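Read-outs: derived from the displayed coordinates by stated rules, not from any lab. Keep in mind that what you see is a predicted model, and the values were worked out from it rather than measured. Glycine gets a Cβ as well: all are built from the backbone with ideal geometry, and neighbour counts include every protein chain shown.
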Amino acid sequence: MIPFAVKRWVYYSYQKGRERMFGCIFCQIASHEKPAKILYEDEQCLAIQDLHPRAPVHLLLIPRKHVTSLNDKLEGDESLLGHMLVIAARMAREKGIDGTGYRTVINTNAEAGQTVFHLHIHVMGGRVMKWPPG
Ligand code: AMP
Ligand code: ZN
């Protein structure tokens, strides 16, 4: 007979596996397998410094679980997405760009410029932004 603790561990590992995408850089950062400058993290999401910043402040909000893009079926993930926006605003406040202004951007698929296919919200500020974005 398999002990309950083992069953629970197997189930937990299975669920964790389902939330990750093999070889995805942001999944690897979320699980601390790959390095990144982590500015904030909780059980749902993390905020990291963008590796190639395009503004004086440029960070990324990343859900812990693997979501490819906004094109995924996200019904049921409303609270996660809302939470990420709340944390984005908190990070902007902490970086001191809430008053001057900042941009929150989600690129979806190739023509919008998505290059990492794990959903992320860019938070950019510290300089004047152009509109419309190029
Ligand atoms: P996007 O083009 O909208 O998919 O944005 C991807 C962003 O992820 C870009 O701004 C990259 O500079 C950033 N990026 C890619 N790899 C890493 C990494 N390992 N750590 C931090 N940021 C990264
Ligand atoms: Zn991922």
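The angle between the Cα long axis of helix 4-18 and the main principal axis of the chain comes to about 30°, on a 0 to 90 degree scale. In this Cβ point-charge picture (+1 for Lys and Arg, -1 for Asp and Glu), the chain has a dipole of about 240 debye about its Cα centre. Available extension along the chain between Thr68 and Arg90 is 5.5 nm, counting 0.36 nm per residue and deducting the alpha carbon span. For Ile87, Ile2, the sequence from fewest to most other C-beta atoms within 10 Å is Ile2, Ile87.
Spatial offset of the stretch 21-75 relative to the stretch 94-130 amounts to 13 Å, using the alpha carbon center of each. Is the C-alpha gyration tensor of the stretch 23-125 telling us rounded, prolate or oblate? Criteria: a/c under 1.5 is rounded; beyond that, a/b larger than b/c is prolate, otherwise oblate. Rounded. What FRET efficiency comes out for Arg54 versus Glu75 if R0 is 35 angstrom and r is the Cβ-Cβ distance? Round to the nearest 0.05. That pair, Arg54 with Glu75, gives E of 0.65.
Ordered by the number of other Cβ atoms lying within 10 Å of each residue's own Cβ, fewest first, Ser31, Ser69 fall into the sequence Ser31, Ser69. Beyond 24 Å in Cα-Cα separation lie the following of the pairs Lys37/Lys65; Lys95/Lys130; Lys37/Lys73: Lys37/Lys73.
Taking a point 7 Å from the Cα of Tyr40 along the Cα-to-Cβ direction, the residues of the stretch 60-79 with backbone N closer than 16 Å to it are 60-64.
Across the chain, the relative contact order, built from alpha-carbon pairs under 8 Å that are at least six residues apart, equals 25 percent.
Left without a cysteine partner by the 4.7 Å Cβ rule in the chain: Cys45.
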